[in-house]
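*Asks:* If you scroll down you'll find the structure; I have some questions about it.
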Amino acid sequence: MIMSKRGFTATVGRRCGLTLILILALSIAAACPAFADENTPAVDHYAIGCILPLSGRNAAYGNRALDAVLLAAGVFNAAKETPIRVLIEDSQSEAAVAGAAVEKLARAGVTCILGPLGSQEAFEAAKEAQRLKIPILTLTQREGITEVGDHVFRNFLTAAMQVRTVVQYAQAELGLRRFAILYPDDPYGQEMARLFREEVRRKGGEIRKEKPYKADQTDLGEEIRALGGVAPASPGMEVSAGFPPKPDPGFEALFIPDFSYRVAMIVQQLAYYDITGIRLLGTSGWDSPELLKADPGHLQGAVFVDGFFINSFRPEVNDFIEAFYTAYGREPDTMEALVYDAADIAVKLLLENRGETRDAFRRGLTQIKGYRGVSGKTSFPASRDAQKDLFILTVKDGRIVQVK
């Protein structure tokens, strides 16, 4: 599929019309002399390749990501003409197909590639892009993806990025040094706990206690008591004046790397077992209205992070939300914000470099410092793995609000 600004007449926000235009553009492009000889393909210096799972098990994510790419490419901006063209390949949610799509886009002459989303898809595409020396900006959480080679970049929200931000804020801004971890005993929870443990110790803090729980567990009484929780007094029990005060659990903050609906349940149980007066720390999985199903008083002052915040006070975020809603009739989420920024970076580089070579584009990515996007400020260090100033969030008076 190919999409460019010229000739776009589909009704804004209507995917059926958009698909027809994409198919029509593809048939027209087949007759383009620039792509006629596959052995010596001409490079279209304003062409961005895009590999997304538009079918298969991850199709819902891929189609939402495509919305973000097209918005960044200026498809819906009738007031501004652009030479940017987006060539779209469906990975079908399969790694082998994603790898083959890279070669197909290379023959089509794209300057750079965005995607894919999935871990294995991104890895196969990255290997092929490195072999063909085409810069690829991957959209995956897979750790180590940029180690494939110097043409492989990533712009996405990772576990390590979240943990670094949470620990930095907890120690530098809140002055916390003693931590505990309560985590689900599954791959996500184990990885988050490992990263948190390592980052706290690297920064000179202490991990006082750790306790895993089963991912489907609903009663965490035993685990919470192991952290220092105490069972409530029996009904009718008299508490004497000499009754010992609530014991100190031995830590100042508790990190819970789980998702909002489970955190809401866990927080209620922490209060039941008198684990109160500590700072609760979390990940992007907390950023949902479901979190507030817990008593807001138990969440007051909790700190967590995300790569996007729909109620941000940043003007660029508000502008993005308005444009996205106008185009698609719905609000964007974190994934769409990250994909939008990746596409916007690519578009801006191609326009600023006035259609230079693939290698010039690769060098341009390495020089991006402090790009102010809708998913926070972004820079590409030597590792080519985007560094982001994530949104730091808290709960205040029963609402999720942005701290910085």
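The values are calculated or read from the model by the stated rules, or taken from the named source; none is laboratory data. All values derive from a computational prediction rather than experimental measurement. Virtual Cβ from ideal backbone geometry, glycine too; neighbours counted across all protein chains shown.
*Asks:* Being in contact with a Leu (Cβ under 6 Å, 6 or more places away or on another chain), modelled with pLDDT of 95 or more, closer than 16 Å to Val401 by Cβ and not assigned by TED's automatic domain parsing to the domain that holds Leu66 narrows it down to one of Ala302, Ala253, so name that one. Walk me through how you get there before you give the answer.
*Replies:* Values: Ala253 fails: closer than 16 Å to Val401 by Cβ.
None of the other options fit; the residue is Ala302.
*Asks:* Given the range 94-175, what helices (runs of 4 or more DSSP H) lie entirely inside it while holding 3 or more residues that are under 30 Å from Asp287 (Cα atoms)? Reasoning before the result, please.
*Replies:* Details: elements: 95-108, 119-132, 159-168.
Hits in the range 94-175: 119-132, 159-168.
*Asks:* Scan the range 359-370 and tell me whether some residue there is polar (S, T, N, Q), assigned to a loop (DSSP other than H, G, I, E, B) and within 18 Å of the chain's Cα centre (by Cα).
*Replies:* Our first condition is that a residue be polar (S, T, N, Q); within the range 359-370, this holds for 366-367.
So of that shortlist, the ones also assigned to a loop (DSSP other than H, G, I, E, B) come out as 367.
Among the residues that remain, those that are also within 18 Å of the chain's Cα centre (by Cα) are: none.
No - not one qualifying residue is present in the range 359-370.
*Asks:* A follow-up question, please. Ile321 versus (1) part of a helix (DSSP H, G or I); (2) crowded, with 16+ Cβ neighbours inside 10 Å; (3) touching a helix residue (DSSP H, G or I) at 6+ places or on another chain (Cβ under 8 Å): which is the lone unmet condition?
*Replies:* (3) is the only condition that Ile321 fails.
*Asks:* Hey, does the range 183-191 have a residue that's in contact with a Lys or Arg (Cβ under 7 Å, 6 or more places away or on another chain), of a type in the set (Gly, Ala, Ser) and either within 23 Å of Ile266 (Cα to Cα) or in contact (Cβ under 8 Å) with a residue 40 or more places away in the chain (or both)?
*Replies:* Within the range 183-191, the first condition is being in contact with a Lys or Arg (Cβ under 7 Å, 6 or more places away or on another chain), and the residues that meet it are 185.
Next, from what is left, pick out any that are of a type in the set (Gly, Ala, Ser): none.
Checking the range 183-191: not a single residue is in contact with a Lys or Arg (Cβ under 7 Å, 6 or more places away or on another chain), of a type in the set (Gly, Ala, Ser) and either within 23 Å of Ile266 (Cα to Cα) or in contact (Cβ under 8 Å) with a residue 40 or more places away in the chain (or both).
*Asks:* Mind listing just one residue for me: the one in the range 52-79 that is in a loop (DSSP other than H, G, I, E, B) and either in contact (Cβ under 8 Å) with a residue 40 or more places away in the chain or not assigned by TED's automatic domain parsing to the domain that holds Asp341 (or both) and, of those, farthest from the chain's Cα centre (by Cα)? Write out each step before concluding.
*Replies:* Initially, the range 52-79 is screened for residues in a loop (DSSP other than H, G, I, E, B), giving 53-58, 73-79.
Narrowing further to those that are either in contact (Cβ under 8 Å) with a residue 40 or more places away in the chain or not assigned by TED's automatic domain parsing to the domain that holds Asp341 (or both): 53, 58, 73-77.
On the way: Pro53: 17, Asn58: 16, Ala73: 20, Gly74: 22, Val75: 24, Phe76: 24, Asn77: 26 Å.
Going through the qualifying residues, I end up with Asn77.
*Asks:* Taking Phe324, is it touching a Pro at 6+ places or on another chain (Cβ under 8 Å), of a type in the set (A, V, I, L, M, F, W, C) and within 16 Å of Ala73 (Cβ to Cβ)? Explain how you work it out, then say what you get.
*Replies:* Working: touching a Pro at 6+ places or on another chain (Cβ under 8 Å): yes; of a type in the set (A, V, I, L, M, F, W, C): yes; within 16 Å of Ala73 (Cβ to Cβ): yes.
Taking the combined requirement at face value, the residue satisfies it.
*Asks:* So, one more: Is it the case that the range 327-341 has a residue that's surrounded by 20 or more Cβ atoms within 10 Å (Cβ to Cβ), more than 16 Å from the chain's Cα centre (by Cα) and touching a residue at least 24 places away in the same chain (Cβ under 8 Å)?
*Replies:* Kept after step one, since they are surrounded by 20 or more Cβ atoms within 10 Å (Cβ to Cβ), are these residues of the range 327-341: 328, 332, 336-341.
From what is left, the residues that are more than 16 Å from the chain's Cα centre (by Cα) are 328.
Those still in the list that are touching a residue at least 24 places away in the same chain (Cβ under 8 Å) too: 328.
Taking every residue of the range 327-341 in turn, at least one turns out to be surrounded by 20 or more Cβ atoms within 10 Å (Cβ to Cβ), more than 16 Å from the chain's Cα centre (by Cα) and touching a residue at least 24 places away in the same chain (Cβ under 8 Å).
*Asks:* Let me ask something else about it. Of the residues that sit in the range 271-290 and are buried (at least 23 other Cβ atoms within 10 Å of the Cβ) and among the aliphatic types (A, V, I, L, M), which one is nearest to the chain's Cα centre (by Cα)?
*Replies:* Across the range 271-290, the extreme among qualifying residues is Leu281.
*Asks:* Check off (1) outside the structural domain of Glu336 (by TED's automatic domain parsing); (2) out of contact with any strand residue (DSSP E or B) (no Cβ under 7 Å at 6 or more places or on another chain); (3) of a type in the set (D, E, K, R) for Arg142 and give me the number that stays unchecked.
*Replies:* Single failed check for Arg142: (1).
*Asks:* Suppose we filter the range 260-283 for residues that are touching a strand residue (DSSP E or B) at 6+ places or on another chain (Cβ under 8 Å) and either among the polar types (S, T, N, Q) or outside the structural domain of Phe196 (by TED's automatic domain parsing) (or both); how many remain?
*Replies:* Number of matching residues: 1.
*Asks:* Take the conditions surrounded by fewer than 18 Cβ atoms within 10 Å (Cβ to Cβ) and within 19 Å of the chain's Cα centre (by Cα) and apply them to Pro296. Does it pass? Reasoning before the result, please.
*Replies:* Details: surrounded by fewer than 18 Cβ atoms within 10 Å (Cβ to Cβ): yes; within 19 Å of the chain's Cα centre (by Cα): no.
No: the conditions fail for Pro296.
*Asks:* Which one is nearest to Val305 (Cα to Cα) among residues in the range 355-400 that are touching a residue at least 40 places away in the same chain (Cβ under 8 Å) and exposed (fewer than 14 other Cβ atoms within 10 Å of the Cβ)?
*Replies:* Arg399
*Asks:* Same structure, new question: From the list Val167, Val102, Val110, Val97, which residue is crowded, with 19+ Cβ neighbours inside 10 Å, β-branched (Val, Ile, Thr), touching a Lys or Arg at 6+ places or on another chain (Cβ under 7 Å) and at pLDDT 95 or above? It would help to see each step written out before you state the result.
*Replies:* Working: Val102 fails: touching a Lys or Arg at 6+ places or on another chain (Cβ under 7 Å); Val110 fails: touching a Lys or Arg at 6+ places or on another chain (Cβ under 7 Å); Val97 fails: touching a Lys or Arg at 6+ places or on another chain (Cβ under 7 Å).
Of Val167, Val102, Val110, Val97, the one residue that is crowded, with 19+ Cβ neighbours inside 10 Å, β-branched (Val, Ile, Thr), touching a Lys or Arg at 6+ places or on another chain (Cβ under 7 Å) and at pLDDT 95 or above is Val167.
*Asks:* Glu356 passes all but one of (1) at pLDDT below 95; (2) within 19 Å of Leu254 (Cβ to Cβ); (3) assigned to a loop (DSSP other than H, G, I, E, B); which number fails?
*Replies:* (2)
*Asks:* Within the range 339-353, is even one residue outside any helix (DSSP H, G or I) and in the same structural domain as Arg107 (by TED's automatic domain parsing)? Step through it out loud before you land on a result.
*Replies:* Initial filter on the range 339-353 (outside any helix (DSSP H, G or I)): 353.
Now drop any that are not in the same structural domain as Arg107 (by TED's automatic domain parsing), which leaves 353.
Looking for residues that are outside any helix (DSSP H, G or I) and in the same structural domain as Arg107 (by TED's automatic domain parsing), one finds at least one in the range 339-353, hence yes.
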